[in-house]
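Q: Got a structure for you, questions after.
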Amino acid sequence: MALNQGKYKPTVCAIDEVDDRSYKHNNAVLDDDRGATKQQIEGSEKAPLTTNQQKLHMDDATLTTKDLEAARKDALSNAANSATDTPNSAHASVNGLRAFLLPGRLSFDALMRLSRKRRILYVTTACLCALLFVIIIMLIAFWPEVPFYLRAPLCLERECVESSRQLLLWANTSRSPCHETYEWACGSFAREYANGEYFVIKRGEWNYKTYNEYQELDELNRFISMLPSEAGGAYSVESMISSLYRSCRQIDVLDKSQSDLLLKKAIQSVDGWQAFRDVVRLHNWDYRHALIHLQVKYGIFPYYRVSIDSAYNNPHDSIIILDEGDIGLPDKYFYSSDADNEVVRGYKLLLRDFAINMGIVSHEADLFANDMFHYEERIVKHIEAAKKRSDRQLNKVLRLEELKTHAPSLPILESLQTLFPHTKISEDTEVLVRDVKVFEELSTLLSTSDKRSINDFIIWSLARQLLPHLSKEYRTLAENFDHAIYGRTASYPRWLICSKVVRDWLPFAVDALHQQPRQQQFNMADAVSDSTASTLNKNQGNEEFLRLMFYSLRNQLQDSLAKVHWLPPPARQFINKKLTEMRLQFGIPDEVLQNSTYVKDYYNELLLNNLYFVDHLEAIWSFRKSRMEQKLKPLSIEEIIVSEMYTREIPQAIVYSNKLNMLLISRGLVSSRYYDYRFPVAVNFARIGTDILEALVDNFSNFVLQFNAQSNDLADEVPELEYVSPDLRCLTAGQPPHISYELFQLSHDALKSFHVTMSAVRTAARALSSFVTAIDAGSAIMGASINQAITYESLGLTRRLRLAGLRSYNENELFTLAYMQQHCSTTIADKDYARIKPHVERQLAERYLFNATWQHIQFLPSSTNCAVSDVSCSNLL
């Protein structure tokens, strides 16, 4: 039966169905499955044919392939014409969409022809690939940046490992710096102290500074043991040090009877003690002669003290300074009603036991102890009354004739003429009086005191200095009093005491011997034309880096000074000028060390050939007195440097010279394990950097006095300025009420020390950031002129290496950890020494400083991503 083409025109849907069935039919022919395909085309009982199918395939048996193909083409042609002629062409768009989706439909049909297991495997694989693709995209988008400390190499040099060991020795980095700050920085400090050889030998509080002092004395002890005792003749510097050390170690050969004779001989030199009634008659005793003799022969200054320092007006020549004298207890606080009763009882027991050992009966010894304490209490009350007067005259330059009208009972002119016999001292000589009203009160006190009290006070002032250098019976008395102040601990080993004696009595000799071989080594290294990191020795590198650090600290100090509000602009300009013109000096000048006889000539007047160690006190004071008098004469720059560094009562590693406007840094500090230019920059800034700033900020009060002296010389009157008082609210913030009350009772020196510490760490933190920025940019530090052969690269400053064990710590975190460890401390014995330390050592306890710096110096907690307190100390740089 033939298809009637004229009467029937298939629709678009019919054409699509034909197309689909033709495609399936051809596939069926290729797969030899014609029968099944026929069934799909013709329909079956389960799937009957549609109307279009019935019309198109009325008699499949009579249609040939050629007929079917002709019918298909005719249908497609008619559909195209219909789409063109008809205004509504929606069917054409549907047909085009189907043509577009045809490959996907074919793929789906192909998938459906697979077996069920293969279809599941195919779908699962496709889903996994899509999921993997999504994961890769997300990893690329959100992959974290590799931290710098994981990319930066470790520093494995010996100095880096040593600095890491020092920090980790006391720290416990597993603790949180925000919530367990002390444990984080100092968690192992007490344990390391307890395991050391120095356990329980330090009085009061063992802290970072005392630890370094112990290490210094231990090295000095080894150094002395290697010195030849007879090298260079009987009066060589080496033999002098060895002789003093041996004499100190042999003190136990002195028995009590010999000590009694030595004490009585010293007492007789001041015309006797009234307690020995058969020896002295008070009505013939002259306190003036006794007082002058005590000052001249032993360097003991009851009532008033004499010293030499730079004047405040230009050109800052040396001038005689007069200040209040010494008393028995460490501070005037212990004579108040709030004093530590244990310390007062220990002091009275010391007075009583001394009198008993001198042969005074028990009842009179008790009277002597009570009377002596109350007389010193009376001296303190007179001094405090003078300081409360509104008409005080501080740091006043007076002629001795004028001073005599203020303090007629004090033999000041006679004392100075006897102390400095080679200097012309007359009534026209000018002296600087710290507080004129104090001298008026002391003069009144002497004129109203009975001779018995004055005699007891002078004798006790003499005995108090001799006791630690006599036989064991008398040394035990002094140690028992120390236990009342610091807590009961074991006695210092004798080697430690004697090493300290050598360091304090002969500091110039010790440093000269230490620096002489190093100086030769320095010159040899300096002679090399092209200095590189491989030829840069430790001392040369330390000094060059320290020079860079000093000028960076100075520049930051000037920036901080420009922002303070508690100093008027003229004073700020004056201090800024002083800082700009300040110079730096490392240790003993080269000209001195190159002179082979300078050190020997320096100690030419010191003779230490006495039989007993206590006799050395007279020889040492006689030598110091001559060096003090030498400062009143014109000196060369080298002599001034040596004088500034080594004529102080307690030698210091960092000293500021007002005369030269120069910062002097001992080479002993430069070459110590405390500092090395190969340590991380942050560690050096936290240690020696803060030490330098403390020395400079501590001298700001002298700068203000110099400004006042300069202002008085000007035609225009400028009101006298006082250095700012520390912020007490800052110190007491967060403390219990009873602690706050105790802190408000601190002396001015202790409060000033707190102010200096806080200002130094804040300035050092800012200077560190500026220094690192300058190094990274390769820019020069303003004011620092270093050797052209030495660069940032040769000093190792451009390397950003990490420390082993502290690899995740950046510069700021290392600075915080290293600085906070400077306030690690542990108490000794059962004494709450922290409460009275400000009155004994003029410094706050380290636990107060630890908490205060962490709370009020915002840089420290912020560097470790901790919350920063809003409370801030005022009056800081």
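The values are calculated or read from the model by the stated rules, or taken from the named source; none is laboratory data. Everything quoted here is computed from the prediction, not taken from an experiment. Heads up, the Cβs are rebuilt from the backbone with ideal geometry, glycines too, and the neighbour counts pull from every protein chain shown.
So that you can scan it fast, the table gives a plain yes or no per residue for (1) surrounded by 21 or more Cβ atoms within 10 Å (Cβ to Cβ); (2) touching a strand residue (DSSP E or B) at 6+ places or on another chain (Cβ under 9 Å); (3) in the same structural domain as T773 (by TED's automatic domain parsing); (4) under 13 Å from A686 (Cβ atoms):
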{"site": "R802", "(1), (2), (3), (4)": "yes, yes, yes, no"}
{"site": "S808", "(1), (2), (3), (4)": "no, yes, yes, no"}
{"site": "N812", "(1), (2), (3), (4)": "no, no, yes, yes"}
{"site": "H823", "(1), (2), (3), (4)": "yes, yes, yes, yes"}
{"site": "D830", "(1), (2), (3), (4)": "no, no, yes, no"}
{"site": "R847", "(1), (2), (3), (4)": "no, yes, yes, no"}
{"site": "I857", "(1), (2), (3), (4)": "yes, no, yes, yes"}
{"site": "V868", "(1), (2), (3), (4)": "no, no, no, no"}
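Q: Moving on to the next point. Among the residues of the range 384-392, is any in the same structural domain as P411 (by TED's automatic domain parsing), of a type outside the set (D, E, K, R), modelled with pLDDT of 90 or more and surrounded by 20 or more Cβ atoms within 10 Å (Cβ to Cβ)?
A: no
Q: Right, here's the next one. In the range 555-591, how many residues are in contact with a helix residue (DSSP H, G or I) (Cβ under 6 Å, 6 or more places away or on another chain), small (G, A, S) and under 22 Å from F771 (Cα atoms)?
A: Residues that pass the stated criteria total 1.
Q: Right, here's the next one. Being in a helix (DSSP H, G or I) and either without any contact (Cβ under 8 Å) to a residue 24 or more places away in the chain or of a type in the set (S, T, Y) (or both) is the filter here, so list the residues in the range 407-448 that pass it.
A: Listed by number, the residues that qualify are L413, S415, Q417, T418, S443, T444, S447, T448.
Q: When the range 170-205 is examined, which residues are found to be at pLDDT below 90, surrounded by fewer than 16 Cβ atoms within 10 Å (Cβ to Cβ) and among the hydrophobic types (A, V, I, L, M, F, W, C)?
A: A190, A194, F199, V200
Q: Which residues, taken from the range 112-126, are of a type in the set (G, A, S) and not in a helix (DSSP H, G or I)?
A: Within the range 112-126, just S115 meets the criteria.
Q: Out of curiosity, is E605 touching a residue at least 40 places away in the same chain (Cβ under 8 Å), acidic (D, E) and not assigned by TED's automatic domain parsing to the domain that holds N555?
A: no
Q: Taking the range 828-854 as the region of interest, how many residues are within 16 Å of V756 (Cα to Cα) and of a type outside the set (F, W, Y)?
A: 11
Q: Then there is this: Got at least one residue in the range 355-366 being loosely packed, with under 15 Cβ neighbours inside 10 Å, in the same structural domain as D450 (by TED's automatic domain parsing), over 40 Å from the mean Cα position of the chain (by Cα) and of a type in the set (A, V, I, L, M)?
A: Among the residues of the range 355-366, at least one is loosely packed, with under 15 Cβ neighbours inside 10 Å, in the same structural domain as D450 (by TED's automatic domain parsing), over 40 Å from the mean Cα position of the chain (by Cα) and of a type in the set (A, V, I, L, M), which makes the answer yes.
Q: For L132, indicate whether it is assigned to a helix (DSSP H, G or I), modelled with pLDDT of 85 or more and surrounded by 11 or more Cβ atoms within 10 Å (Cβ to Cβ).
A: The answer is no for L132.
Q: Identify, from the list S753, S779, S785, the residue that is in the same structural domain as V840 (by TED's automatic domain parsing), at negative phi and in contact (Cβ under 8 Å) with a residue 60 or more places away in the chain.
A: Among S753, S779, S785, only S753 is in the same structural domain as V840 (by TED's automatic domain parsing), at negative phi and in contact (Cβ under 8 Å) with a residue 60 or more places away in the chain.
Q: Could you tell me whether R518 is modelled with pLDDT under 90, in contact with a Lys or Arg (Cβ under 8 Å, 6 or more places away or on another chain) and not hydroxyl-bearing (S, T, Y)?
A: yes
Q: Let me ask you something else. Among Y809, Y819, Y792, which is over 20 Å from the mean Cα position of the chain (by Cα), hydroxyl-bearing (S, T, Y) and closer than 18 Å to F679 by Cβ?
A: Y792
Q: Do we find that T853 is closer than 30 Å to R165 by Cβ, in the same structural domain as T210 (by TED's automatic domain parsing) and out of contact with any Ser or Thr (no Cβ under 6 Å at 6 or more places or on another chain) in this structure?
A: Yes; evaluated as a whole, the condition is true for this residue.
Q: Where residues in the range 393-436 are among the β-branched types (V, I, T) and over 44 Å from the mean Cα position of the chain (by Cα), which of them is surrounded by the fewest Cβ atoms within 10 Å (Cβ to Cβ)?
A: Filtering the range 393-436 for residues that are among the β-branched types (V, I, T) and over 44 Å from the mean Cα position of the chain (by Cα), the one surrounded by the fewest Cβ atoms within 10 Å (Cβ to Cβ) comes out as T405.
Q: I'd like the residue in the range 448-484 that is over 24 Å from I379 (Cα atoms) and among the hydrophobic types (A, V, I, L, M, F, W, C) and, out of all such residues, is surrounded by the fewest Cβ atoms within 10 Å (Cβ to Cβ).
A: Selected residue: L477.
Q: Regarding A463, is this residue of a type in the set (A, V, I, L, M, F, W, C), in a helix (DSSP H, G or I), in contact with a Leu (Cβ under 6 Å, 6 or more places away or on another chain) and closer than 30 Å to R281 by Cα?
A: Taking the combined requirement at face value, the residue does not satisfy it.
Q: Continuing with the same structure: For the range 373-416, give me the residue count where each residue is touching a strand residue (DSSP E or B) at 6+ places or on another chain (Cβ under 9 Å) and either on the phi > 0 side of the Ramachandran plot or small (G, A, S) (or both).
A: Adding up the residues that qualify gives 4.
Q: Okay, moving on. Just the residues that are part of a helix (DSSP H, G or I) and polar (S, T, N, Q), please, taken from the range 824-877.
A: N851, T853, Q855, S862, S863
Q: Then there's this: Quick one: C248 ticks every box in (1) surrounded by fewer than 19 Cβ atoms within 10 Å (Cβ to Cβ); (2) modelled with pLDDT of 90 or more except a single one, so which number is it?
A: Failing condition for C248: (1).
Q: A further question on this structure: Checking the condition part of a helix (DSSP H, G or I), of a type in the set (F, W, Y) and farther than 18 Å from L553 by Cβ, which residue from F754, F771 passes?
A: Result of the check over F754, F771: F754.
Q: Consider Y819 carefully, then state whether it is surrounded by fewer than 22 Cβ atoms within 10 Å (Cβ to Cβ), of a type in the set (F, W, Y) and either touching a residue at least 24 places away in the same chain (Cβ under 8 Å) or not assigned by TED's automatic domain parsing to the domain that holds R175 (or both).
A: no
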